[in-house]
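Okay, structure first, notes after.
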Amino acid sequence: MIYDIPSDKIRSRLGEICKDYGLERVQYSGFLGLLTRNMREELCLKLGETLGDEPGKIMIQPICEKDAKAMFEIKNEAHDPAQS
């Protein structure tokens, strides 16, 4: 699930809703996780209600389990000079 929401308040609410559904934040406005079809539909309704008439865009893109398992991630952690 990814979103582009100008309002800090709405964006924060959307993030909390995603976490409530067990989704993991993978980017500032991007979440990833496993949801059943019913959970996905319920999440979509809640996010839409939260956005209301405010400007913004929310995209929920289901991917199959096979594709999710084939995902690659390259991640560099910030280097802490105090630990050198």
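Key figures
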read-out	value
Selection count where residues are surrounded by 15 or more Cβ atoms within 10 Å (Cβ to Cβ) and in a strand (DSSP E or B), scope region 35-64	1
Evaluation of THR36 against (1) at pLDDT below 95; (2) in contact with a strand residue (DSSP E or B) (Cβ under 9 Å, 6 or more places away or on another chain) (one fails), failing number	(2)
Hey, GLU73 in a helix (DSSP H, G or I) and surrounded by fewer than 15 Cβ atoms within 10 Å (Cβ to Cβ) or not	no
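The values are calculated or read from the model by the stated rules, or taken from the named source; none is laboratory data. Since this is a predicted model, take the numbers as computed values, not measurements. Counting neighbours? That spans all protein chains shown, and the Cβs are built from the backbone with ideal geometry, glycine included.
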